[in-house]
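What follows is a single structure, written as structure tokens, with notes after it.
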Ligand code: YH5
């Protein structure tokens, strides 16, 4: 899954892809490099980020989804927590809803159900603005698995079939480095719960904390290495900014793992 940020304040791209044609070109380049899914996001969910107005988010993502749909059959994911954006994005050609709130916003379950799109349910403790202030768990792996099981049950209740779902432990979303490492170490337990697992660690600050220093090359190297680990543990989807090296790591993982 290649990340396509269409946020002017985006962490990595500095707003370089606000323009639709540039965004679509970047998406097509990621497809060329091996991305099977393009994750279009118009609201930054970086720690500390402020929420984005609905009209602004729609104005960012809809032209990109429409233009990408017109030029490619790639699976398109919309990274949003807003039911109105889910509906509009799916009407414009999105195939998947990637929700860091796991469809907890009022109306989100209904919007997802009506769209007939696939859904990624991600765990987050707290909200983006404050989630990294003091994350705490009884047992991070058990707590996150229980949360995801509850959201899967809510989806079933709402009429969303399991065949449409994947789950995500939500690396960096209300987690310390120790929490992130515990989730990565025990990733197999999420896979064993039965649904496809999505992992998003690309360029995240957990690697700066792990290394004790911060530069983009180090973050990217660690992200690709973590993608390899996640794939060997059975993760089905890796969300990444750096598709070419990540795709190569996943090719190696697939060649090494016994299935
Ligand atoms: C995710 O894990 N993450 S947006 C902070 C960074 C770098 C990157 C400080 N959407 C996920 O990518 N969706 C985001 O450096 C996501 N899983 C799913 N399913 C945050 C992000 C980032 C944040």
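The values are calculated or read from the model by the stated rules, or taken from the named source; none is laboratory data. Quantities reported herein were computed from a predicted structural model and do not represent experimental measurements. Note that we place each Cβ from the backbone using ideal geometry, even for glycine, and neighbour counts take in every protein chain shown.
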Restricting the stretch 156-178 to residues that are out of contact with any strand residue (DSSP E or B) (no Cβ under 6 Å at 6 or more places or on another chain) and over 22 Å from residue 134 (Cβ atoms), the residue that is surrounded by the most Cβ atoms within 10 Å (Cβ to Cβ): 160
Residue 44 passes all but one of the listed conditions (1) away from the ligand (no atom under 14 Å from the Cβ); (2) touching a residue at least 24 places away in the same chain (Cβ under 8 Å); (3) surrounded by fewer than 23 Cβ atoms within 10 Å (Cβ to Cβ); (4) more than 18 Å from residue 165 (Cβ to Cβ); the exception is number (1)
Failed condition for residue 125, given (1) more than 18 Å from residue 81 (Cβ to Cβ); (2) under 17 Å from the mean Cα position of the chain (by Cα): (1)
Might you check whether a residue that is farther than 23 Å from residue 238 by Cα, within 13 Å of the ligand (Cβ to nearest atom) and either at pLDDT 95 or above or buried (at least 16 other Cβ atoms within 10 Å of the Cβ) (or both) occurs anywhere in the stretch 97-115? no
So, of the residues in the stretch 28-37 that are outside any loop (DSSP other than H, G, I, E, B) and more than 16 Å from the ligand (Cβ to nearest atom), which turns out to be surrounded by the fewest Cβ atoms within 10 Å (Cβ to Cβ)? 32
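This table checks each residue for (1) within 14 Å of the ligand (Cβ to nearest atom); (2) within 18 Å of residue 238 (Cβ to Cβ); (3) in contact with a helix residue (DSSP H, G or I) (Cβ under 9 Å, 6 or more places away or on another chain).
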position: 134; (1), (2), (3): no, no, no
position: 145; (1), (2), (3): no, no, yes
position: 152; (1), (2), (3): no, no, yes
position: 178; (1), (2), (3): no, no, yes
position: 187; (1), (2), (3): yes, yes, yes
Looking only at residues in the stretch 226-244 that are more than 15 Å from residue 196 (Cβ to Cβ) and within 16 Å of the ligand (Cβ to nearest atom), which one is surrounded by the fewest Cβ atoms within 10 Å (Cβ to Cβ)? 229
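Condition check ((1) farther than 20 Å from residue 113 by Cβ; (2) over 16 Å from the mean Cα position of the chain (by Cα); (3) surrounded by fewer than 20 Cβ atoms within 10 Å (Cβ to Cβ)) across all residues:
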{"site": "51", "(1), (2), (3)": "yes, yes, yes"}
{"site": "60", "(1), (2), (3)": "yes, yes, no"}
{"site": "64", "(1), (2), (3)": "yes, yes, no"}
{"site": "68", "(1), (2), (3)": "yes, yes, no"}
{"site": "74", "(1), (2), (3)": "yes, yes, yes"}
{"site": "79", "(1), (2), (3)": "no, no, no"}
{"site": "82", "(1), (2), (3)": "no, no, no"}
{"site": "91", "(1), (2), (3)": "no, yes, yes"}
{"site": "94", "(1), (2), (3)": "no, no, no"}
Can you tell me which residue is farthest from residue 132 (Cα to Cα) among those in the stretch 202-216 that are touching a residue at least 12 places away in the same chain (Cβ under 8 Å) and more than 7 Å from the ligand (Cβ to nearest atom)? 216
Can you name every residue in the stretch 128-143 that is in a helix (DSSP H, G or I) and touching a residue at least 40 places away in the same chain (Cβ under 8 Å)? 140, 141
